[in-house]
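Participant: Please read through the structure below; I'll follow up with questions.
The values are calculated or read from the model by the stated rules, or taken from the named source; none is laboratory data. Note that the structure is predicted; figures quoted are calculated from it, not measured. Note that we place each Cβ from the backbone using ideal geometry, even for glycine, and neighbour counts take in every protein chain shown. All accessible areas refer to the heavy atoms of the entire protein, side chains included, with ligands and DNA or RNA removed. Shrake-Rupley method; radii C 1.70, N 1.55, O 1.52, S 1.80 Å.
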Amino acid sequence: MDYSKYEPVIGLEVHAQLQTKSKLFSGDANRFGGHPNTQINPITLAHPGTLPKINKKAIEYAIKMGLACHCTIETLNCFARKNYFYPDLPKGYQISQHTTPICIGGYIPILIVGTEKKIHLNRIHIEEDAGKSIHDAIDGFTCIDYNRAGTPLIEIVTEPCIQSAEEAFQYLTEIRKLVRWIDICDGNMEEGSLRCDANISIRLKGEKQLGTKVEVKNLNSIRNVKKAIEYEVERMITLAENREPIVQQTRSFDATNDTTFAIREKEEANDYRYFPDPDLVPFFINQSTIEAIQKTMPALPNTLEQKLQHEYGLSAYDAHQLCDDKHTAAFFEATATHTRHFKAIANWMLGPLKQYLNEQGHDFNQLSLLPKTLAGIIQLVADGKLNFSTAATKLLPALITTNEDPIITAEKLNLIQVSDNNAVLEWVHQVITAMPEKVAEYKKGKKGLMGLFVGEVKKLSKGKADPKITTTVLEKILNEK
């Protein structure tokens, strides 16, 4: 079966819950994890006579995302009713934007094999979330929790321009990073605050017309999106090669075996009978509002990556890793005000500090070690008073909560390296005297034994012998005839 003659065409719809204090059209608390049906009121439950009121902060957050994605912000906006019945939709319709999305166009850059590609957006629009149906709480019954109903969402819709599961994976990774970076969504896919639907089709390479698409709904992890796309592309190519029809339908993903299955034939947009919501007047966003929001925006990851490369001389890889989230980048820049050993900062942050934080389940904004303290540790290593290994395994744990002066702590712990040639020479002589057979092998050409000798001197000195001086002294003695 020739898979190479086909190309996938993928578009993604990402729903991001906005972390406002209240819901989109009512004063109910907007938070995850409350006891069922405790974050509701008559507006959420669509009682007769209740009227919605727009959450201004949700509009601001949508504009922030639009600016971050290089979109055009629509000045005249209105809401529409999207009509469909489902038990967890109290009103029998969902309030959304239809003909006037708040953000139009735009793009998000991703890196694929070191090359930047822009994933172009069609739109970003605002809508409310539905409630949640729970099928396994009581045997034989479906329970409804309306706590989530009315939660503000933005839906970020790409053009059908994604060409592989890997591109989709990288795009979603950037989306999650971006919503966290600008503080509009926590990006937690496990809790449903970020969800993705994937529209997938295939066509012969060189063709312009789009093929029949399927939509895989409610994918709740970036890995699952990738797996679902890989499975669907293979399934559709197999159908095409066997001359079987590809049916337009909605499918779901089974994470237990990484496959998809059909749940219904796809509805068309006119099935929803969109019309303007008569209870919500159109709203106008003026340019001064957009400019005011723009001034509150932090430097975005791509901009900061360029800065770390050009101003601090970091590699593209290090810069990308340090800009994985806003707090990591901020910690780097704060440390860089105390030392000019910029590469060393990156090495410490992406090595020992990241390992420590992963073990604790924390981020850099929760790190108790101060940037100034890290700079002090780096300086001790740069001055040759401490080797990296000792600093990382012994000094760092002692300082991570105390933030004492690194040199004082290092002296208390008796960690300062001995750079006295006479002391190092004595340790070297002891090691060589104790290992005559290995010395003979080294002299016969087995130069790889140098690491063994250095390690033995390190043990004998309890880590205090300067490795560089140790190596120099060993080479001088061992190479003597």
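So that you can scan it fast, the table gives a plain yes or no per residue for (1) open to solvent by 20 Å² or more (accessible area, probe 1.4 Å); (2) part of a loop (DSSP other than H, G, I, E, B); (3) of a type in the set (Asp, Glu):
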residue	(1), (2), (3)
Gln94	no, no, no
Ile110	no, no, no
Ile138	yes, yes, no
Asn147	no, yes, no
Pro160	yes, yes, no
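Participant: Give the residue that is nearest to Gly34 (Cα to Cα), with candidates limited to residues of region 126-136 that are out of contact with any helix residue (DSSP H, G or I) (no Cβ under 8 Å at 6 or more places or on another chain), open to solvent by less than 40 Å² (accessible area, probe 1.4 Å) and assigned to a strand (DSSP E or B).
Facilitator: Within region 126-136, the first condition is being out of contact with any helix residue (DSSP H, G or I) (no Cβ under 8 Å at 6 or more places or on another chain), and the residues that meet it are 127-136.
Imposing the further condition that a residue be open to solvent by less than 40 Å² (accessible area, probe 1.4 Å) reduces the set to 127-131, 133.
Those left that are additionally assigned to a strand (DSSP E or B): 127-128, 133.
On the way: Glu127: 22, Glu128: 18, Ser133: 15 Å.
For region 126-136, the residue satisfying everything is Ser133.
Participant: May I pose another question? Any idea which of (1) open to solvent by less than 40 Å² (accessible area, probe 1.4 Å); (2) outside any helix (DSSP H, G or I) is the one Glu167 doesn't satisfy?
Facilitator: For Glu167, the failing item is (2).
Participant: Those residues that are in contact with an Asp or Glu (Cβ under 8 Å, 6 or more places away or on another chain) and modelled with pLDDT under 95, I need them from region 375-397; list them, please. Spell out how you get there, then give the answer.
Facilitator: Residues of region 375-397 in contact with an Asp or Glu (Cβ under 8 Å, 6 or more places away or on another chain): 376, 384, 387.
Passing the criteria: Gly384, Asn387.
Participant: Show the residue pairs meeting these rules: Cβ distance below 9 Å; 6+ apart or different chains; first residue within region 284-312 and over 19 Å from Ile345 (Cβ atoms); second residue among the β-branched types (Val, Ile, Thr) and open to solvent by 40 Å² or more (accessible area, probe 1.4 Å).
Facilitator: Correct list of pairs: Phe284/Thr75; Ile285/Thr75; Asn286/Thr75; Gln287/Thr75; Ile290/Thr75.
Participant: Exactly one condition in (1) open to solvent by 30 Å² or more (accessible area, probe 1.4 Å); (2) closer than 26 Å to Thr289 by Cα; (3) touching a Leu at 6+ places or on another chain (Cβ under 8 Å) is false for Leu76; which is it?
Facilitator: Failed condition: (3).
Participant: In region 298-355, what residues are outside any helix (DSSP H, G or I), closer than 16 Å to Lys177 by Cβ and of a type in the set (D, E, K, R)? Give the derivation first.
Facilitator: From region 298-355, those outside any helix (DSSP H, G or I) are 298-300, 313-315, 323-325, 336-341; that's our starting set.
With the extra rule that they be closer than 16 Å to Lys177 by Cβ, the set shrinks to 298-300, 323-325.
Listed by number, the residues that qualify are Asp324, Asp325.
Participant: Next up: Please state which one of Lys226, Lys208 is under 19 Å from Ile112 (Cβ atoms) and either open to solvent by less than 20 Å² (accessible area, probe 1.4 Å) or out of contact with any Gly (no Cβ under 9 Å at 6 or more places or on another chain) (or both).
Facilitator: Result: Lys226 is the single residue among Lys226, Lys208 that is under 19 Å from Ile112 (Cβ atoms) and either open to solvent by less than 20 Å² (accessible area, probe 1.4 Å) or out of contact with any Gly (no Cβ under 9 Å at 6 or more places or on another chain) (or both).
Participant: Also: If I filter region 184-191 for residues that are farther than 21 Å from Glu230 by Cβ, of a type outside the set (Lys, Arg) and at pLDDT 95 or above, do I get at least one hit?
Facilitator: yes
Participant: If Lys468 satisfies all but one of (1) without any contact (Cβ under 8 Å) to a residue 40 or more places away in the chain; (2) open to solvent by 60 Å² or more (accessible area, probe 1.4 Å), what's the number of the condition it fails?
Facilitator: Condition (1) is where Lys468 drops out.
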